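Okay, here's the structure, questions in a sec.
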Amino acid sequence: MASATQFTFSQSQDFGSANLKIGFHRRDHGDGHPFDGPLGILAHAWPPTDGRFHYNADETWSADPTPGAFELETVALHEIGHLLGLGHSSVPDAIMYASIGQGVAKGLHGDDIQGIKALYNV
């Protein structure tokens with residue numbers, strides 16, 4: 001998202017002051033949105049001002065597109081879209097499309113870029 005917007009992202013050593021907090025959680029993890037085990041909900045995040053982003057720890061994750069695993073960066077890009085205020089897209093190739101298969105990697109699509117530009121006037 002940073003390349004398509006004026007946002008910058010950097011790692012913080014102070015968890016308490018971080019604007020974006022990423023974690024891996026299982027089932028009921030205290031946020032009112034429990035995960036449903038493997039091959040269900042992959043992750044969730046909340047729109048601007050909340051900053052929480054949770055991966056489902058019961059899924060199989062990979063740093064690369066691998067058969068039988070979900071690609072971490074693709075799911076992160078989707079959830080960061082939600083953190084920035086984007087909803088789901090009806091365009092299957094868009095990162096903000098509501099579902100993704102195992103072994104699939106995606107990048108930003110024109111639909112995603114148009115959405116973020118419309119939200120932030122960039």
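Out of the residues in the range 35-55 meeting the condition of being closer than 25 Å to GLY16 by Cβ and in a loop (DSSP other than H, G, I, E, B), tell me which one is modelled with the lowest pLDDT. Before the answer, list the steps.
As a first pass, look at the range 35-55 and keep what is closer than 25 Å to GLY16 by Cβ: 35, 43-55.
Applying the additional criterion that residues be in a loop (DSSP other than H, G, I, E, B) yields 35, 46-51.
Details: PHE35: 97, TRP46: 88, PRO47: 82, PRO48: 77, THR49: 80, ASP50: 84, GLY51: 87.
In this case the residue turns out to be PRO48.
When only residues in the range 102-121 that are part of a loop (DSSP other than H, G, I, E, B) and of a type in the set (A, V, I, L, M, F, W, C) count, which is surrounded by the most Cβ atoms within 10 Å (Cβ to Cβ)? Outline the logic, then answer.
Applying the first criterion (part of a loop (DSSP other than H, G, I, E, B)) to the range 102-121 yields 102-109, 121.
Filter once more, keeping what is of a type in the set (A, V, I, L, M, F, W, C): 104-105, 108.
Details: VAL104: 12, ALA105: 15, LEU108: 17.
That would be LEU108.
Which members of the range 18-40 meet the condition of being hydrophobic (A, V, I, L, M, F, W, C) and in contact with a His (Cβ under 8 Å, 6 or more places away or on another chain)? It would help to see each step written out before you state the result.
Step one: filter the range 18-40 for residues hydrophobic (A, V, I, L, M, F, W, C), giving 18, 20, 22, 24, 35, 39.
Once the filter is applied, which keeps residues that are hydrophobic (A, V, I, L, M, F, W, C) and in contact with a His (Cβ under 8 Å, 6 or more places away or on another chain), the range 18-40 yields ILE22, PHE24, PHE35.
Continuing with the same structure: Looking at (1) modelled with pLDDT of 95 or more; (2) under 23 Å from THR8 (Cβ atoms); (3) part of a loop (DSSP other than H, G, I, E, B), can you tell me which one SER99 breaks?
(2)
Of the residues in the range 1-53, how many are in contact (Cβ under 8 Å) with a residue 60 or more places away in the chain and surrounded by 11 or more Cβ atoms within 10 Å (Cβ to Cβ)?
Residues that pass the stated criteria total 5.
If a residue has to be modelled with pLDDT under 95 and on the phi > 0 side of the Ramachandran plot to count, how many in the range 62-96 make the cut?
Residues flagged as modelled with pLDDT under 95 and on the phi > 0 side of the Ramachandran plot within the range 62-96 amount to 1.
Something else about it: Looking at this structure, is LEU84 surrounded by 14 or more Cβ atoms within 10 Å (Cβ to Cβ), in contact with a Leu (Cβ under 9 Å, 6 or more places away or on another chain), within 18 Å of GLY107 (Cα to Cα) and aliphatic (A, V, I, L, M)? First the steps, then the outcome.
Working: surrounded by 14 or more Cβ atoms within 10 Å (Cβ to Cβ): yes; in contact with a Leu (Cβ under 9 Å, 6 or more places away or on another chain): yes; within 18 Å of GLY107 (Cα to Cα): yes; aliphatic (A, V, I, L, M): yes.
Against the criterion (surrounded by 14 or more Cβ atoms within 10 Å (Cβ to Cβ), in contact with a Leu (Cβ under 9 Å, 6 or more places away or on another chain), within 18 Å of GLY107 (Cα to Cα) and aliphatic (A, V, I, L, M)), LEU84 qualifies.
Residue by residue through the range 56-96, note down the ones that are touching a residue at least 40 places away in the same chain (Cβ under 8 Å) and assigned to a helix (DSSP H, G or I).
ALA76, LEU77, ILE80, GLY81, LEU83
The values are calculated or read from the model by the stated rules, or taken from the named source; none is laboratory data. Computed from a prediction, not measured in an experiment: that's the story for all the values here. All Cβ positions, even for glycine, are placed from backbone atoms using ideal geometry, and neighbour counts span all protein chains on display.
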